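Trainee: Following this message is one structure expressed as structure tokens.
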Amino acid sequence: MMGQSIAVESKSIDGFCVFTTNRVITGQDGAAYTSAGDAEGSSGFGAELASRLFASDEAIDHVYVASSEVIARRSAEWDGEAIAGAAQTITDLYRFYEEV
């Protein structure tokens with residue numbers, strides 16, 4: 001794959017999971033997304049990431065991206081598999097094609 005992976009640390013708190021990254025994804029103002037359609041109707045890396053997170057886990061119902069933090073809420077409880085899946089989606093954001 002080409003592009004640069006994003007390092008991600010995660011912590012779940014009361015139905016939310018906070019992902020802290022080593023790369024800036026949006027400006028300081030940040031942006032909130034409540035659905036895949038909401039994210040797809042916007043532009044920028046934050047919207048692209050939110051769209052991918054909604055597609056990767058149907059239980060994710062809210063995503064907030066600000067600078068180097070991503071906060072996601074699920075309608076179901078966060079478990080190890082859900083956290084790992086979302087973290088991988090974030091890690092791969094700046095990956096853009098596979099080498100053949």
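Trainee: For the chain, just say rounded, prolate or oblate: build the C-alpha gyration tensor, square-root its eigenvalues into a ≥ b ≥ c, call rounded for a/c under 1.5, and beyond that prolate if a/b exceeds b/c, oblate if not.
Mentor: Verdict is rounded for the chain.
Trainee: Average projected area of the Cα convex hull of region 16-57, in nm²?
Mentor: Its average projected convex-hull area is 3.3 nm².
Trainee: While we're on this one: Relative contact order for the chain using alpha-carbon pairs under 8 Å, separation at least 6, rounded to a whole percent?
Mentor: Across the chain, relative contact order equals 39 percent.
Trainee: Counting each DSSP H run of 4 or more residues in the chain as -39500 (n - 2.57), what helix-only mean residue ellipticity at 222 nm follows after dividing by all residues, to the nearest 500 deg cm²/dmol?
Mentor: Calculated mean residue ellipticity at 222 nm is -8500 deg cm²/dmol.
Trainee: Right, here's the next one. Run through region 1-62 and list the GluC sites (Glu not before Pro) located in a DSSP loop whose Cβ has at most 12 other Cβ atoms within 10 Å. Write out the running numbers ahead of the final one.
Mentor: On the way: sites: GLU9, GLU40, GLU48, GLU58; in loops: GLU58.
Sites meeting the loop and neighbour criteria: GLU58.
Read the figures in this text as sums done on the coordinates, not as results from a lab. Remember, it's a predicted structure, so these values are computed and weren't measured experimentally. With ideal geometry, Cβ positions are generated from the backbone for all residues, glycine too; neighbour counts draw on all protein chains shown.
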